[in-house]
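A short write-up of the structure that comes next.
The values are calculated or read from the model by the stated rules, or taken from the named source; none is laboratory data. No experiment lies behind these values; they were computed from the predicted model shown. Counting neighbours? That spans all protein chains shown, and the Cβs are built from the backbone with ideal geometry, glycine included.
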Amino acid sequence: MMFFFGLIFLLLKLGAILGVLLLGVSYMVYIERKVLARLQIRLGPNRAGPFGLLQPIADAVKLLTKEDVAAAGTDRVVFYLAPSIAAATALLIFAVVPFGREITLAGRSIPLVIADLHVGLLYALGLSTLGVYAVAFGGWASNSKYSLLGGIRGVAQMISYELSLGLSLVPVVMMTGSFSLVDIVQAQDRYPFILVQPVAFVIFFASAIAEIKRIPFDLPEGENELVAGYHTEYSGMRFGLFFLGEYMTMVILGSLVAVFFLGGWRGPMAPPIVWFVIKVLGVAFAMIWIRATFPRLRYDQFMNLGWKVLVPVALVNIVVTGGVMLLLN
């Protein structure tokens, strides 16, 4: 009986989180378009519903009803599989993200995380790495030179920035003594780690933007060079799945920034989940602002930043953190 109730609670929690996450991602597109419009002195979406609030629903209907076309010569199985990988890997990462304290419901204590894994950090990094298969498969299977070049760029980008992304989190693990995301939030009960690890925060944040291929690191798409890069040949909802995965990863990486450096759900007065949402939206707003401000880097500048700046600085930061910890102990 206890197993049955536990399974019901888990399914309800999964359904609620999935629904909120998908709805939030849909309106993240709307928020980005409105914020970009404001920064660029224009209106943005304002036709579908009051203030354009129904625009995400209109976009979803449009994508679902558009013809799904595959160009001649494509590898159909891989071509159709690639978009689902982008969305699935982003969804699975959220399974280990804690977004609040435990709550009591029907006499049971329910943690506000789907799975508190002891290796949660490694799980999140591993799945974020798998997301590059969507880019590589989509670019290779499309039978298009533009798509293939976009896929190759995506793989090179992942190799460059995944290393700095992981190295930036080594000091966080050293200070926490655990790979569990819940333990990392608990370790920030006195102060958020951004105050003692600002270098790690900057490296992680820059690498996270490169991970989701957003301006100024959107070279796998590069519309002035590659039309649309790895998703040039996609249409309809398969095209939409790529962008669902991108914006979902944007929310997920915003959540990880909040967990690793901003104290997670911690904050005064307001409920914990409200603080968590505020921090995630703040990180997302910073990503949107950067997109509106900076131009795309050249490919050589992009690779130099990863290998010659972020990786060495991350390694030095690990050594300095270890030295300071030894001195304090």
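One residue stands out in the range 210-229 among those that are under 26 Å from ALA58 (Cβ atoms) and modelled with pLDDT under 75: the one that is nearest to the chain's Cα centre (by Cα), namely GLU221.
Kindly evaluate LEU148 against the criterion of being over 15 Å from the mean Cα position of the chain (by Cα) and under 23 Å from ASN329 (Cα atoms). No: the conditions fail for LEU148. State all residues of the range 285-329 that are touching a Pro at 6+ places or on another chain (Cβ under 9 Å), surrounded by 12 or more Cβ atoms within 10 Å (Cβ to Cβ) and within 30 Å of VAL25 (Cα to Cα); if no residue qualifies, say none. Scanning the range 285-329 gives ILE290, ARG291, PHE294, ARG296, LEU297, PHE302.
The set of residues in the range 17-58 that are outside any helix (DSSP H, G or I), surrounded by 13 or more Cβ atoms within 10 Å (Cβ to Cβ) and of a type in the set (S, T, N, Q) contains only ASN46.
Filter the range 281-324 for residues that are part of a helix (DSSP H, G or I) and either basic (Lys, Arg) or not assigned by TED's automatic domain parsing to the domain that holds SER164 (or both) and give the result.
Across the range 281-324, the qualifying residues are ARG291, LYS308.
Within the range 165-190, residues that are within 17 Å of ILE318 (Cβ to Cβ) have Cβ atoms under 6 Å from residues that are surrounded by fewer than 20 Cβ atoms within 10 Å (Cβ to Cβ) and of a type in the set (D, E, K, R) in these pairs: THR176/ASP183, counting only partners at least 6 apart in sequence or on another chain. For PHE261, the test of being in contact with a helix residue (DSSP H, G or I) (Cβ under 8 Å, 6 or more places away or on another chain), at pLDDT below 85 and within 22 Å of MET28 (Cβ to Cβ) is failed. Output the residue which, of all residues in the range 59-97 that are outside any helix (DSSP H, G or I), modelled with pLDDT under 80 and aliphatic (A, V, I, L, M), is surrounded by the fewest Cβ atoms within 10 Å (Cβ to Cβ). Out of the qualifying residues, it is ALA72.
Scanning the range 129-174 for residues that are of a type outside the set (Lys, Arg) and farther than 27 Å from ALA187 by Cβ yields a count of 29.
Restricting the first member to the range 242-255 and to residues that are farther than 17 Å from ASP218 by Cβ, and the second to residues that are basic (Lys, Arg) and surrounded by 22 or more Cβ atoms within 10 Å (Cβ to Cβ), the beta-carbon pairs closer than 9 Å and six or more apart or on different chains are GLY254/LYS279; SER255/LYS279.
Would you check if ILE273 is surrounded by fewer than 22 Cβ atoms within 10 Å (Cβ to Cβ) and at pLDDT 85 or above? For ILE273, the condition - surrounded by fewer than 22 Cβ atoms within 10 Å (Cβ to Cβ) and at pLDDT 85 or above - is not met.
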